[in-house]
Amino acid sequence: MDWLIGFFTPWIIFAGIFVLHLLLPARRVTGYVRDEDSGELLSYRLNGPLVLVACVGIWAVLGFSGALPWDWLWQHRWPGLAGAFTLGVLASVAVVLSSPSRGGALLAELYLGRRENPQMFNRRADAKMVLYLVGAILLQLNLLSFAAHHFLSYPDDPSPGVVLYVALFSWFVCDYLVFERVHLYTYDLFAERLGFKLIWGCLAWYPYFYAVGLWSAADLPNPDAPAWLLVLAALVFFAGWVLARGANMQKFTFKQDPQRAFLGRMAPKVFSDGERQVLHSGFWGVSRHVNYLGEILMACGLALSLGWPLLIGPWLYPLYYVALLLPRERDDDRRCAEKYGAPWEQYREKVPWRIVPKVY
């Protein structure tokens, strides 16, 4: 019975997050992506930070009241992962098979999807944004529960690295939700479709694999890591955050107002053919996907922060980012070449580095 309850726990959490998203106040904003039928810019209801606060608050109330052990999600992590995995597969198949084929092979469409940006309940919910919302919040709850297990296991000598890891990852989650509007302009929204890759990725991979560092270290004692290692981890993480957030915010600012200087200092410089413009100043003059470098650095900072630099588990997370972002950069480069033409060729010559300046 416990295994069955654990199996359906992520289903219940996802449903609760979705209901909160529909019911709680939200701001409506216009995005970058256009409706594939009407051609109109899509609008979105965004309330991620409020939903996150509500969910963490519910988790805290359940813990303080004794209604649920603080480490419930840790205790049931394996059946929970199985439940999320199964839900992700079922939802992927249901969404793809209920959508018109794009003319591709069935297996390819099951993986990559058919629908681009479906919205539900009279546009009160966008499928992609809901998927990222539920994945991010379950990740946050997993982080808190896994850390609680560590503190319950080692109450007299907990690891500062666990505290730092959860603090940095919580910054990562909160940052994503606070800047939800910026992510309406990113690759996932304008390039991805709803298939196994995105649906299963958000429902199972995102909330469970991203916490792989604590899967590996929550059961381990305090490694007595030197303070310099934890400081280094935080510096690497925030260096990556500056690159990723700075680049995305600069691009967002440019999309909103092509004449506006980012942060009042980075004046936009562009290559243009009179119709299409490619930004090549500021962060986007460092490398063509400097934001990807930032994501990888943040992941490395998280791996180091646990204080077990030779433990393999935490390094699976940055390795995943490398495996994800290198082919994504190639695909995005191809898409940009088709979309922007000559300005993109000029940009390639001006900024030859794909991700890492002077290296790659």
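The values are calculated or read from the model by the stated rules, or taken from the named source; none is laboratory data. The shown structure was predicted, so the numbers you read here are calculated from the model rather than taken from an experiment. Positions of Cβ are generated from backbone atoms using ideal geometry, with glycine treated the same way; all protein chains shown enter the neighbour counts. Surface accessibility is based on the protein's heavy atoms, side chains included, excluding ligands, DNA and RNA. Shrake-Rupley method; radii C 1.70, N 1.55, O 1.52, S 1.80 Å.
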Going through (1) over 25 Å from residue 352 (Cβ atoms); (2) surrounded by 14 or more Cβ atoms within 10 Å (Cβ to Cβ); (3) in contact with a Gly (Cβ under 8 Å, 6 or more places away or on another chain) one by one, residue 240 fails only at (1)
Filtering region 20-35 for residues that are surrounded by 12 or more Cβ atoms within 10 Å (Cβ to Cβ) and outside any strand (DSSP E or B) leaves a count of 7
Of the listed residues (154, 185), the one being at pLDDT 95 or above and either surrounded by fewer than 19 Cβ atoms within 10 Å (Cβ to Cβ) or under 23 Å from residue 291 (Cβ atoms) (or both) is 154
Among 324, 311, the single one that is without any contact (Cβ under 8 Å) to a residue 12 or more places away in the chain and under 30 Å from residue 218 (Cα atoms) is 324
Taking the stated definitions as given, is residue 240 in contact with an Asp or Glu (Cβ under 9 Å, 6 or more places away or on another chain) and modelled with pLDDT of 95 or more?
yes
Within region 36-57, residues crowded, with 18+ Cβ neighbours inside 10 Å and either among the hydroxyl-bearing types (Ser, Thr, Tyr) or in a strand (DSSP E or B) (or both) come out as 42, 44, 45, 46
Scanning region 210-224 for residues that are open to solvent by less than 40 Å² (accessible area, probe 1.4 Å) and either touching a His at 6+ places or on another chain (Cβ under 8 Å) or modelled with pLDDT of 95 or more (or both) gives 210, 211, 212, 213, 214, 217, 218, 222, 223
Of the residues in region 139-179 that are of a type in the set (Ser, Thr, Tyr) and in a helix (DSSP H, G or I), the one that is nearest to the chain's Cα centre (by Cα) is 176
Filtering region 244-273 down to residues that are surrounded by fewer than 19 Cβ atoms within 10 Å (Cβ to Cβ), aliphatic (A, V, I, L, M) and part of a strand (DSSP E or B) yields 270
Flagged in region 164-182 as open to solvent by less than 30 Å² (accessible area, probe 1.4 Å) and more than 19 Å from residue 317 (Cβ to Cβ), in numbering order, are 177, 180, 182
